Every structure is written in structure tokens, then in C-alpha cells.
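J.: One structure, pasted below without further comment.
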Amino acid sequence: MKLLFVADPLDHFKTYKDTTFSMMREAARRGHELLACEPRHISWKSGGKVAAACRQIELTGDAHDWYVVRGEPKLALADVDAVLMRKDPPFDSEYFYATHLLEQAEREGARVFNRPASLRDHPEKLAVMEFARFCSPTLVTREAGEVRDFHAEHRDVILKPLDGMGGMGIFRVRDDGLNLGSIIETLNHHGATTLMVQRFVPEITQGDKRILVIGGKPVPFSLARIPQGTEVRGNLAAGGKGVAQPLSARDREIAEALGPTLAARGLLLVGLDVIGDYLTEINVTSPTCFQEITQQAGFDVPKMFVDALEAALA
């Protein structure tokens, strides 16, 4: 099959940990043809189909010069077997426009994973609202007074922007309320921007667990991203240590409750973030942690993913 990966520039990949690379490697092992492009290479012209200036690549097995280009075709997305949208956040205007181009490609017959409309409909922090029964107390607002009331009720809270990634812009405010006003102003820009506030979950010391759900089914191991030193954030990008561990009963309950619903919406791959017993985020753009879980737990996550992709295309 021809698989087109829409991703960040190939030369930026850190192949020792990159999830998209692990998908490519497993697909190549099965004999599938690999194509790659960036969102900026996708275009549409009236009278034609959504197309992309692609690079046909072959993996070399080398850790640094990891691919060679075998051709540079311009292809209609409907003419490849699957399009895998793996562009990293932020979900900015260009990402938004890319989902509309990909949705037009779907109308022309392309198979896109994750489904473009569902990428738009599941903003990674706000998507938890639908599944509030699994969340710790949460507030979404732009009103400073509501944030102050929430803090007064719960005393120890986490504040974060709705468009953050990799732990950026996350603040903890304890019982003393130190700097709460300044933090609110920083995040809501004096009432112009919506933010999220959640009751602090002390089990963060045991890790912010990334639970992967593939084709509606949970990977049996999570990657607990454990904060280091005085840091409150477990994100790997913020210096957290990733430790693979079996799913707890609560982890599995959450994943099995959400998995079929999200899969039915065209979300082949989802990353659930769970702290303690609470769901905190639903990641749908480009969930990661394939290689860390595979290496530490011995469970072949890329194999499970490509199995699910092939089944979806059958």
C-alpha cells in the first residue's frame, strides 16, 4: 500500500524516540510504500483534487541519515491508500486549514487518519468535558473572578492555556494563592483568552500517564511521565522521566469507556492523559510514546498500530 505521512520536516525527526518514524519503520517492514509531505505541500485547485508534493522515501537503517528520497511525485491524496496526519501541535490557523483540505480529500475518496473533522472537534484539553465523570474538578473560563472562586474552593489548583503543548504555560497555585492574580492575567490576557483550571492531583508524583488507544483498544502499558526535582510537570518535553508500566484497573476502565466512542469518530489513535485516577486530556493530533513503551515493556506498539491501520483499510 501507499502510505502518505503528513508530518513535520523529516530532517527534524529524532528517530530514537519519534513515534511517526516507528510507524514508518513497521510499515516498511511489511512492504508498504512510504510517502511524506508537510502540510504546506498540500494544495487544491478548482477542477482538480486535493494534491500534495510528496517525497517517496526509503529507510536506510542508519540512525542519522535515516532515509533516502527515491522520487518526488505530486499525487492526489485520493490516489494513495492512506493519509496519516501526524503534524505536531500547535493547533493553529494553518493546522485548522490543513484539516479542511484533508476533509475535501476525504470527499474525493481519500482515507485520512485521524479523521480531519474529528481532529477539529476534539481540542485536546476541552475534549474531556464530554467525559467529565472521569475528570477531577475542572473549570473552563476567561473570567478572573471564577478562577479565584475555584481556587478558594479547592485550594490547590493547576492553571493552563487551552492551546499549550509539552507542558508549556502550566502553573500550580497552592493554598496561599501566591501570584494567582498575575498568573490569571498571563493566561487570560486580561479576560481576552479562555483558560482551564483543574484541582491539583497529588498523584502527579507517580507520573502523568499516557495511555494509548489504537482502533478503540488500549495498549496494555502506559508511559508514566514522572516530574523531576522541583518540577510539577511530567511532560517529557519539560524534563519528565518516562517509565512504562501496566495499566491499572482504573486506567483500563477509562480507556475502555472512551475507546469505542472515539474510534467510531475516525480517531484511529488517541493518547489519554491520566493522573492518578483522573482523566486530564485527550490527545488526538499526534500522540507519541510508541518507542518508549515498546523498548521498556516489550509490547510492540507500532505493530498494533499498523495492524489496526490495515484492518481499517481492508
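None of the figures in this text is laboratory data; all of them are computed from the coordinates on show. Note that the structure is predicted; figures quoted are calculated from it, not measured. As a convention, Cβ positions derive from the backbone with ideal geometry for all residues, glycine included, and neighbour counts pool all protein chains shown.
J.: Multiply the residue separation of A192 and H12 by 0.36 nm, subtract the distance between their alpha-carbon atoms, and state the gained length in nm to one decimal.
T.: Gain on stretching A192 to H12: 61.4 nm.
J.: Here's a follow-up. Going by amide H atoms built from the backbone, whose H comes under 5 Å of the H on N283, apart from near neighbours?
T.: G271, L272, D273
J.: I'd like the orientation of helix 19-29 relative to the chain: the angle between its Cα long axis and the longest Cα principal axis, in ° from 0 to 90, rounded to 10.
T.: For 19-29 against the chain, the angle is about 30 degrees.
J.: List the relative contact order of the range 106-179 as a percent without decimals, with contacts defined as Cα pairs under 8 Å and 6+ residues apart.
T.: 20
J.: Express as a percent, rounded to the nearest 5, the fraction of DSSP beta bridges in the chain (both residues included) that run antiparallel.
T.: Bridges in the chain that DSSP calls antiparallel: roughly 80 percent.
J.: Right, another one. What ranking of F221, F150, F131 emerges when the number of other C-beta atoms within 10 Å of each C-beta is taken as an exposure proxy, fewest first?
T.: F131, F150, F221
J.: What is the magnitude of the charge dipole of the chain about its Cα centre, with +1 placed on the Cβ of each Lys and Arg, -1 on the Cβ of each Asp and Glu, and no other charges, expressed in debye to the nearest 20?
T.: 400
J.: Also, quick follow-up: Tell me whether the range 237-314 comes out rounded, prolate or oblate; compute the Cα gyration tensor, take square roots of the eigenvalues as a ≥ b ≥ c, and use a/c under 1.5 as the rounded threshold.
T.: oblate
J.: If packing is taken as the mean number of other Cβ atoms within 10 Å per residue, what is the order of 284-296, 6-18, highest first?
T.: Highest-to-lowest ranking by the protection proxy: 284-296, 6-18.
J.: Could you give the length gained by full extension between D62 and R29, i.e. 0.36 nm per residue of separation minus their alpha carbon distance, to one decimal place?
T.: 10.4 nm
J.: Taking the highest mean first, how do the peptides 300-312, 202-214 order by number of other beta carbon atoms within 10 angstrom per residue?
T.: 202-214, 300-312
J.: Here's something else I'd like to know. In debye, nearest 20, what is the charge dipole magnitude of the range 2-117 about its Cα centre with +1 on Lys and Arg Cβ and -1 on Asp and Glu Cβ, if you could check?
T.: Its charge dipole is roughly 260 debye.
J.: Might you report the magnitude of the Cβ-based charge dipole of the range 200-314 about its Cα centre, with Lys and Arg at +1 and Asp and Glu at -1, to the nearest 20 debye?
T.: 80
J.: I would also like to ask the following. Pick out which of F96, F113, F134 has the largest mean-square fluctuation in a Gaussian network model of the chain, springs linking Cα atoms closer than 10 Å.
T.: Its mean-square fluctuation being the largest, the pick is F96.
J.: Using the charge dipole of the chain (Lys, Arg: +1 at Cβ; Asp, Glu: -1 at Cβ; taken about the Cα centre), state which of Q56, V232, I204 has its Cα farthest towards the positive end.
T.: Q56
J.: With r as the distance between the Cβ atoms of E310 and E153 and R0 = 51 Å, compute the FRET efficiency 1/(1 + (r/R0)^6) and round to 0.05.
T.: The value I calculate is 0.55.
J.: Can you check what the Kirkwood hydrodynamic radius comes to for the range 2-117, Cα pairs only, in Å to one decimal?
T.: 14.4
J.: Scattering from the C-alpha atoms of the range 137-200 alone, worked out with Debye: what is log10 I(q)/I(0) at q = 0.12, 0.13, 0.26 1/Å?
T.: The calculated log intensity ratios at q = 0.12, 0.13, 0.26 Å⁻¹ are -0.23, -0.27, -1.16.
J.: Of K45/K74; K125/K241; K14/K160; K87/K303; K125/K160; K17/K209, which ones are farther than 19 Å apart at the Cα?
T.: K125/K241; K14/K160; K87/K303, as the Cα separations exceed 19 Å there.
J.: Debye sum, Cα scatterers, the chain, no solvent: what log₁₀ I/I(0) at q = 0.07, 0.12 1/Å?
T.: Values, matching the q order: -0.29, -0.83.
J.: Just want the answer: with Cβ charges of +1 for Lys and Arg and -1 for Asp and Glu, which residue in G181, F113, Y16 is farthest toward the dipole's positive end in the chain?
T.: Toward the positive end, the furthest listed residue is F113.
J.: If contacts are Cα pairs under 8 angstrom and at least 6 residues apart, what is the relative contact order of the range 199-266 in percent?
T.: 33 percent.
J.: Could I ask something else about it? May I ask which residue of H151, S222, P73 lies farthest towards the positive end of the charge dipole of the chain, with charges of +1 (Lys, Arg) and -1 (Asp, Glu) on Cβ and the Cα centre as origin?
T.: P73
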